[in-house]
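I have placed the structure first, in the form of structure tokens, so that the comments after it can refer back to it.
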Amino acid sequence: MTQPRDVLYASKLFQEWLTALKERALLATHNQCQAMFHGVLLCMRGHMTTEQVLAFADALPPLPRWIFFERWRPAEPTAVTSAEHFLHEVVAALALHHIPPDTIVSDVFAVLAERSEPLAAKTMRAQLPAPLRPLWP
């Protein structure tokens, strides 16, 4: 049995996503990009139901899926009051690493939307908490 393409090329694909985020968000290194990507995904996960987390993860390729599931324990989601509040949450989570640009959430969403298969991108957007959907391109 052959390996699925997304598994075989998982590292290369993720590096391409980090490069796209680096260019879009005007970040300096892939380390920053990985931290930003990680921060947005994990903050977002805390605002999703178990069903939403699983559906969103199913639409991700292997490495981003692993990041999204890292140390996850199903729990009741906390409400997202606004996209601005969510951005402040992401900035606070990343403050020890780097201060992200104000566009980091929409930048990560843009990379997810642009680099994913169309059906996967549609599935991911559908799982977002309602206040975050306008940030998805």
What tally of residues in the stretch 79-96 results from selecting those that are within 15 Å of residue 107 (Cα to Cα) and in contact with a Leu (Cβ under 7 Å, 6 or more places away or on another chain)?
-> 2
Among (1) exposed (fewer than 12 other Cβ atoms within 10 Å of the Cβ); (2) farther than 16 Å from residue 125 by Cα; (3) of a type outside the set (Lys, Arg), where does residue 51 come up short?
-> (2)
Return the residue satisfying two criteria in turn: it lies in the stretch 80-95 and is in a loop (DSSP other than H, G, I, E, B) and in contact (Cβ under 8 Å) with a residue 40 or more places away in the chain, and of such residues it is nearest to the chain's Cα centre (by Cα).
-> 80
Residue that is surrounded by the fewest Cβ atoms within 10 Å (Cβ to Cβ), among those in the stretch 2-48 that are more than 25 Å from residue 80 (Cβ to Cβ) and either polar (S, T, N, Q) or touching a strand residue (DSSP E or B) at 6+ places or on another chain (Cβ under 8 Å) (or both) | 2
With (1) part of a helix (DSSP H, G or I); (2) surrounded by fewer than 13 Cβ atoms within 10 Å (Cβ to Cβ); (3) at pLDDT below 95 as the list, and residue 99 as the residue in question, which single condition is left unmet?
-> (1)
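The values are calculated or read from the model by the stated rules, or taken from the named source; none is laboratory data. Since we're looking at a predicted model, the values are computed, not measured. Please note: Cβ atoms are built from the backbone with ideal geometry, for glycine as well, and neighbour counts cover all protein chains shown.
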